[in-house]
Amino acid sequence: MNQRRRRGFAPVIVAVILVGAVVVVFRTVYGGCEPVKLVVAVSSEKAELLRQIADGYNGGCVDVTVQAKASGGVMQALARGWNEKVDGPRPDVWSPAGSGWITLLRQRVKGRDPVGADNPSIASTPLVIAMPKPMAAAMGWPKKKLGWSDILELGSDPEGWARYGHPEWGAFRLGKTNPNFSTSGLNATIGAYFAATGLSGDLVKANVSDQKTRDFVQGVERSIVHYGDTTLTFLSNLQRADDAGAAMSYISAVTVEEKSVWDYNQGNPTGDPKTLGQHRKPKVPLVAIYPKEGTLFSDNPYAVLSWADETKRAAAAGFLKYLHEDAQQAEFASFAFRSHQGTPGKLITAANGLDPKQPKTRLNVPLPGVLDQVLKSWASLRKPANVLMVMDVSGSMSAEVTGTGKTKLELAKQAAINALPQFGPNDRVGLWIFSTKQQGTRDYRELVPMKRGTTSDLKARIRDLIPNGGTGLYDTALASYRHVLTRHTDDAINAVVFLTDGRNEDQTSLSLDDLLPDLRKEQGQETVRMFTIAYGEDADLAVLQQISQSTDAAAYDSRESGSIDQVFTAVISNF
């Protein structure tokens with residue numbers, strides 16, 4: 001072959017190599033490989049948005065599945081050792097709402113760190129105290145800088161809103177989630193301890209145990225309506241109150257993330273992108289108060305878990321890089337998140353009740369040992385509860401739950417017992433059971449009266465429960481509500497936890513139309529909150545939602561097999 005012909009082959013060979021490389025790349029990126037399945041557990045307020053972003057990323061060699069998991073729940077599952085039967089599929093990446101959960105996890109496991117050292121933010125949003133705009137204005141907002149000390153002052157005043165010339169608004173009522181489960185609750189609790197000490201950094205154990213600090217925090221907690229595992233309960237109830245023209249009678253303030261203020265003001269308290277625009281904007285919008293003492297950010301860290309192999313780690317790194325790109329950061333900004341660097345977007349405006357120049361002081365999560373002490377201290381300072389647990393023992397509770405080898409009642413009993421340690425020594429807790437004709441024509445029976453120190457009695461009586469009869473739902477609901485109402489105290493959360501697996505089967509009982517008006521109180525009047533659990537696929541969730549909503553509480557869905565343990569724990573987090 002002569003030199004000229006050899007030179008002619010060179011471009012052809014190069015072209016073949018290039019085409020081959022393109023084919024390899026094409027096959028690798030567009031389906032010629034077995035996709036790496038990456039499971040990412042994320043906090044609920046950003047779960048649906050992350051799913052949408054992941055949908056735009058999937059289709060190549062990585063398939064991202066987003067699971068909505070409460071930050072505190074994942075922390076506890078990781079701390080005790082992830083159990084897929086209880087906790088669901090094991091994630092490869094965890095993105096809680098705030099880094100505080102990673103700090104707590106390290107304190108709980110000590111030496112067995114399931115999380116790596118580098119956990120970069122994917123988006124951020126500061127904690128704020130959200131208030132109906134007229135209430136904030138009455139306190140001097142926006143000119144006057146407000147904070148935890150003002151909340152304490154107003155919440156401790158027996159005159160309530162009369163202090164600011166509005167006696168018609170009644171007492172000051174604060175909504176705050178449980179810091180053992182919710183990031184806003186955790187950050188609010190940390191913020192209150194910082195405010196009590198006057199510090200903006202370097203909180204130490206001595207500060208936490210100081211009696212003045214404890215008195216301050218306990219004072220803030222006195223005005224709590226109830227706790228909970230999610231701010232969704234407060235914001236959804238507030239929306240219903242606003243629809244009825246009574247927004248300021250339900251709650252005076254609620255500690256939430258800044259982006260949740262924007263969500264609520266769009267008529268979308270869940271923050272779910274799919275429901276945006278389905279409900280009108282509120283008549284009374286919320287505004288964000290950035291505590292003058294400083295506040296923490298929910299920094300949404302991205303933590304690759306230690307059990308992820310090298311393939312998963314490479315996949316996780318690729319998805320993180322994608323989340324940090326401008327297009328995806330713009331997606332976060334379009335739902336009022338700040339960037340992963342903390343930069344506010346175009347929705348963080350005064351017109352939306354927000355302030356891009358705030359917060360002036362950013363607080364940091366305390367050291368692991370200090371943060372652990374904060375939670376332990378809070379447990380003794382939180383508002384106590386008067387709670388009646390009402391459990392369905394009808395015959396249908398004897399049905400076996402598929403794949404467990406146990407009946408519905410057996411699983412419910414274990415879930416109730418597992419949740420009991422959440423109650424403290426100052427809580428008064430009682431137990432009723434119901435089916436039909438438990439005592440003569442009465443569908444319900446008291447097993448343990450509401451009092452302090454009943455844990456051992458409750459465990460013993462719960463273990464002995466047996467199923468029989470039908471479901472006397474409506475009479476029992478009203479009777480349990482009235483029972484707690486007659487034992488109501490202003491210095492406690494007064495509530496019923498009502499679990500049922502069915503529908504009302506007592507044909508001689510009152511109707512739902514007769515029940516609901518009796519559960520409603522005049523707007524602004526203190527009430528007993530009924531937290532209901534729809535247990536099993538035959539439970540009437542729609543009815544239970546009506547019962548809970550009538551009392552400004554929440555209904556929990558445990559119709560999915562195997563969910564009762566987690567649901568029961570979430571319900572008890574309200575106290």
Which pairs have Cβ atoms under 6 Å, sit 6 or more apart or on different chains, and link a residue in the stretch 394-417 that is more than 16 Å from ALA534 (Cβ to Cβ) to one that is part of a strand (DSSP E or B) and modelled with pLDDT of 95 or more? SER398/THR407; GLU400/THR407
Quick check on the stretch 173-181. Is at least one of its residues in contact with a helix residue (DSSP H, G or I) (Cβ under 6 Å, 6 or more places away or on another chain), of a type in the set (A, V, I, L, M) and either surrounded by 15 or more Cβ atoms within 10 Å (Cβ to Cβ) or within 16 Å of SER377 (Cβ to Cβ) (or both)? no
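If you scan the stretch 200-216, which residues turn out to be surrounded by fewer than 16 Cβ atoms within 10 Å (Cβ to Cβ) and of a type outside the set (S, T, N, Q)?
Here is the first cut: in the stretch 200-216, the ones surrounded by fewer than 16 Cβ atoms within 10 Å (Cβ to Cβ) are 200-202, 204-206, 209-212, 215.
Those that are surrounded by fewer than 16 Cβ atoms within 10 Å (Cβ to Cβ) and of a type outside the set (S, T, N, Q): GLY201, ASP202, VAL204, LYS205, ALA206, ASP210, LYS212, ASP215.
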Residues of the stretch 302-341 being under 25 Å from the mean Cα position of the chain (by Cα), over 24 Å from PRO114 (Cα atoms) and in a loop (DSSP other than H, G, I, E, B), in sequence order, are SER334, PHE335, ALA336, PHE337, SER339, GLN341
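Determine, yes or no, whether THR508 is exposed (fewer than 15 other Cβ atoms within 10 Å of the Cβ), in contact (Cβ under 8 Å) with a residue 60 or more places away in the chain and closer than 18 Å to SER435 by Cα.
Details: exposed (fewer than 15 other Cβ atoms within 10 Å of the Cβ): yes; in contact (Cβ under 8 Å) with a residue 60 or more places away in the chain: yes; closer than 18 Å to SER435 by Cα: yes.
The answer is yes for THR508.
Can you find even one residue in the stretch 250-268 that is surrounded by 15 or more Cβ atoms within 10 Å (Cβ to Cβ), hydroxyl-bearing (Ser, Thr, Tyr), outside the structural domain of SER43 (by TED's automatic domain parsing) and farther than 30 Å from THR551 by Cβ?
Kept after step one, since they are surrounded by 15 or more Cβ atoms within 10 Å (Cβ to Cβ), are these residues of the stretch 250-268: 250-268.
Cutting the leftovers down to hydroxyl-bearing (Ser, Thr, Tyr) gives us 250, 252, 255, 260, 264.
Cutting the leftovers down to outside the structural domain of SER43 (by TED's automatic domain parsing) gives us 250, 252, 255, 260, 264.
With the extra rule that they be farther than 30 Å from THR551 by Cβ, the set shrinks to none.
No, the stretch 250-268 contains no residue that is surrounded by 15 or more Cβ atoms within 10 Å (Cβ to Cβ), hydroxyl-bearing (Ser, Thr, Tyr), outside the structural domain of SER43 (by TED's automatic domain parsing) and farther than 30 Å from THR551 by Cβ.
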Tell me which helices (runs of 4 or more DSSP H) are completely within the stretch 455-547 and hold 3 or more residues being closer than 25 Å to SER563 by Cα and modelled with pLDDT of 95 or more, or say none if there are none. 455-463, 473-485
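Which one of GLY140, GLY111, GLY160, GLY100 is surrounded by fewer than 22 Cβ atoms within 10 Å (Cβ to Cβ) and not assigned by TED's automatic domain parsing to the domain that holds THR361?
After ruling out the rest, the residue left standing is GLY111.
The values are calculated or read from the model by the stated rules, or taken from the named source; none is laboratory data. Please read these numbers as outputs of a predicted model, since none were measured by experiment. For neighbour counting, all protein chains shown are included, and Cβ atoms are generated from backbone atoms with ideal geometry for every residue, glycine included.
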